[in-house]
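Report on the following structure.
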Amino acid sequence: MHFRSLQARIVMVFLGLLLAIQVAGYGVIHRAIGTNALLHAQDQLAIGERVFKRLLTQNGQRLEQAAQTVANDFALREALGTKDQASVATLIRRHADRARGDLVMLVGLDGRVLGDHASWRWAPEAVTRHVLEAKTGARAPAIGILGDQVYQFVAMPVRPTAPMGWIVLGSMLDDNFARDLAELTNLDVSIVRAEARNASRIVASTLSTERRQTLVSVVQVSPGSPSGERLLSDPESQRLWVPLDSREGPSIAAILERPFAEATAPFAPLQFVLLVLTAIGLAMSALGSMVMARRITGPLRSLVDVARNIEQGDYRQRVVVDTNDEIGDLACAFNHMCQGIAAREQRISQLAYTDALTDLPNRALFNDRINQAVVAAERSRGRLAIVILDLDRFKFVNDTLGHHMGDMLLREVADRLHRTLQRRSDTIARLGGDEFAVLLPTEGLDDAKHVARRILELLSEPLTIEGHIVDVGASIGIAVFPEHGSDADTLMRHADVAMYSAKRARSGFEVYDRRYDQNTPAHLSLLGELRQALEHDQLTVLYQPKMDLAGNGTHAVEALLRWEHPRRGIVSPDGFIPFAEQTGYIKAITRYVLNRVFRQCVAWRARGRDIKVSVNISARDLHNPDFPRSISELADLHGAKLEWLCLEITESAVMEDPTYALEILRRLDAMGIELSIDDFGTGYSSLAYLKRLPVDELKIDRSFVKGLSVDTDDAAIVRATIDLAHHLGLKVTAEGVENGGVLKTLRQLKCDSAQGYYVSPPIPAQELERWMEEESAVGGRKAMLVVR
């Protein structure tokens, strides 16, 4: 080996240095080994205690979830309410099998055990005490003595409103539990309970019989060790006392144990080696140690200092070592490593917090900025605002011009937002897709509205992308702190709700309002019940007649969906249709209604009744490319004809994507289905679109018809609508006819047909046939009275 190499110098100098050091250091090292073994054992005990508590916490959470499931069992509540003891016992045994708990019991309000999978008659004292604590709101799992065993258990109230009883669910802290914990911690585990006269008894342990007797002799008192310390030691073992029950003194505890022999075993070979080296190296000189220590520790100290700076996130420091040996090579490699780590950290941060397409902050960074702004606003009692915008017609651009053009459009929008908001304190982010967000960390509602108007003005100007002029527009939602939320998640969700409200209303921007927020737990529950109602055929289709004002007959009806909820009563369509549209479940509802309508039409034709049925469809249906084929398949399934059907579409549904909607409507028209524009006059359609739509009928919204006989403005609107429709070759139906005066005026204005409660409310199919027979008998006289 070359003498100038570090390896050679270390071998030659430290060979003598280590031997000399062993003579003086053997005693110190021997003592340090014992100390380190003790500290290592204590560290293992501390880690074992944390693992033990974490295991108890997880077990308690599992028990809480299982107990909540049992307490929410409707059958159990019903059996408890009717005092059906046999059913209660059966349900408790069934849940005991499912929960796989060692203890499952139902405790009455008087403390009596109403049902369990064992043989308790009255709740044990520990259960009674925990139930009393749970009544005050305490939810933490308890550990107590039930019979001769120690259990961890929870108590959960069974109630629809007020508690009817308490479900107690627990698991036994037995030898199996101790063995599982021992496998996780590599420690011996014992569960100890207090007995009379300050004695203790081991109820579960991984120790042998002999070591259990030793442990009982050491731990003679409760609530603690004789010295009052949690750490118990003897010449053979290191033990940690972990109290489990502190309500009346820790009468139950876990003892974690680490024998000293196991702790010192890894150091025994080292002690032997040190002893041999001490005997051999007594004659070695320590002269070279000082020289080599300076030449080695100096550069190494520089490496340590730089490493500490790197630990703090400072990658600018570099190691300067002017040597040509291995330490110099290490320093160069260390510097290169710093550069590589810094470059990777920067790249990772960029990928984690930046949108790759627009170079704007992404959702993660935006949420972090909101959290920081909320903390600052709370500290200074300031305000902040969040603006979320979603591009209109972006999907149309993607589908028409391709995703490449869509990406260029998003980059152009990002640039325009940068030009609009030039303050460094504001944050512009792309949340994903065509959704952007702006954080105004010091602004209130008025300034947020001003920013929203500026964004709308900027995006109202057409964008030119590779020679294509693109007009997108945007819908904006606003939420402000603290009025609309006190944390990032709430503010983001509320701004999103306001944005979708603006998109539906086509108002440009909206401020969050609780009335817009339909995503409540009650509504989510209602949607789940709606799915079940649809699957079990619990919805009802009613039919409202449309009177022919020229012939005084009735040959058309409108199908209207009703839901009679077993607990909520009658739920109007406004209460569940909007949520079904948001979730996409409206497609299943539309199919359900069409299925019932085709079946009814076939039944009516069989009885000689030629009735056309109108069915409302949503925007989701209108933009579903498979919708026409689905209708045709349903008609074939029932042997019905498509000309028996009329589909009613709102103006807003058409205007969400006029081009695509027009294509679907033309396909439906070509199939022979009659089409009608519902609620005409309340949407945003233009005459240019209206004349292109292949519709057969306009339905005047009830808001204009209601005041027709008393309001001259409404009368003028209705007259103009009827004239316009007739000039376009369309029929006109007036909705919401509530009295004879309105019906008389509609006849004078030459409206084609009318429907409303004055004509008939929505009624079942059987009642409709009786109604039509009665109307055919008295219709002529009634028509004459209305005309007069």
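With R₀ fixed at 35 Å, the C-beta to C-beta distance from residue 336 to residue 356 puts the FRET efficiency at about 0.80. Rolling a 1.4 Å probe over the protein chains gives residue 751 an accessible area of about 10 Å². Database remark: amide H of residue 623 closer than 5 angstrom to no amide H (H placed geometrically; neighbours at sequence offset of 5 or more, or on other chains; Pro and chain starts carry no H).
Spin-label model, residue 401 to residue 199: label points 7 Å out along the Cα-to-beta-carbon direction sit 9.0 nm apart. For residue 42 and residue 208, a Förster radius of 22 Å and the Cβ-Cβ distance give a FRET efficiency of 0.40, rounded to the nearest 0.05. When only Cα pairs below 8 angstrom with a gap of at least 6 residues are kept, the range 320-443 shows a relative contact order of 30 percent. In a DSSP loop and with at most 13 other Cβ atoms within 10 Å, the trypsin sites (Lys or Arg not before Pro) in the range 422-463 are 423, 424.
Stretched out straight at 0.36 nm per residue, the stretch from residue 636 to residue 74 would grow longer than its current Cα-Cα span by 198.1 nm. Taking 7 Å steps out from each Cα toward its Cβ at residue 140 and residue 610 produces label points 8.0 nm apart. Computed with a 1.4 Å probe over protein heavy atoms only, the accessible surface of the range 451-598 comes to 47 Å² per residue. Coupling constants for the range 182-189 follow from the phi torsions by the Karplus curve (6.51 cos²θ - 1.76 cosθ + 1.60, θ = phi - 60°), and in residue order they are 4, 5, 7, 9, 6, 10, 7, 10 Hz; glycine and proline get x. By definition, a body whose alpha carbon gyration tensor gives a ≥ b ≥ c is oblate when a/c is 1.5 or more and a/b is not larger than b/c, and the range 691-775 fits this oblate description. With 0.36 nm allotted per residue and the present C-alpha distance subtracted, the residue 50-residue 599 stretch has 191.0 nm of extension available. Note on exposure: 496, 621 ranked by accessible area (1.4 Å probe, complete protein assembly) read 496, 621, with the most exposed listed first.
Relative to the Cα centre, the charge distribution of the range 571-708, modelled as +1 at Lys and Arg Cβ and -1 at Asp and Glu Cβ, gives a dipole magnitude of about 500 debye.
Cross-link reach is defined here as a Cα-Cα straight distance under 22 Å, omitting same-chain residues fewer than 8 places apart; for residue 449 the lysines meeting it are 503.
If you plug the beta carbon distance of residue 87 and residue 773 into 1/(1 + (r/R0)^6) with R0 = 35 Å, you get a FRET efficiency near 0.10. Stretching residue 447 away from residue 375 to a fully extended chain increases their span by 23.9 nm, per 0.36 nm per residue minus the current alpha-carbon distance. The modelled label-to-label distance between residue 655 and residue 532, using points 7 Å beyond Cα along the C-beta direction, is 4.0 nm.
Filter the cross-link list 395/699; 546/691; 691/750; 587/706; 691/731; 546/731 down to pairs whose alpha-carbon distance in this structure exceeds 23 Å. Pairs exceeding the cut-off: 395/699; 546/691; 587/706. Near residue 470, the amide H atoms lying under 5 Å from its own belong to 463, 464, 465; only residues 5 or more places off or on other chains count, and H is placed 1.01 Å from N.
The values are calculated or read from the model by the stated rules, or taken from the named source; none is laboratory data. What you are looking at is a predicted structure, and each value in this text was computed from that prediction instead of being measured. Counting neighbours? That spans all protein chains shown, and the Cβs are built from the backbone with ideal geometry, glycine included. For the accessible areas, the whole protein counts, side chains as well, though only heavy atoms, and no ligand, DNA or RNA atoms are used. Shrake-Rupley method; radii C 1.70, N 1.55, O 1.52, S 1.80 Å.
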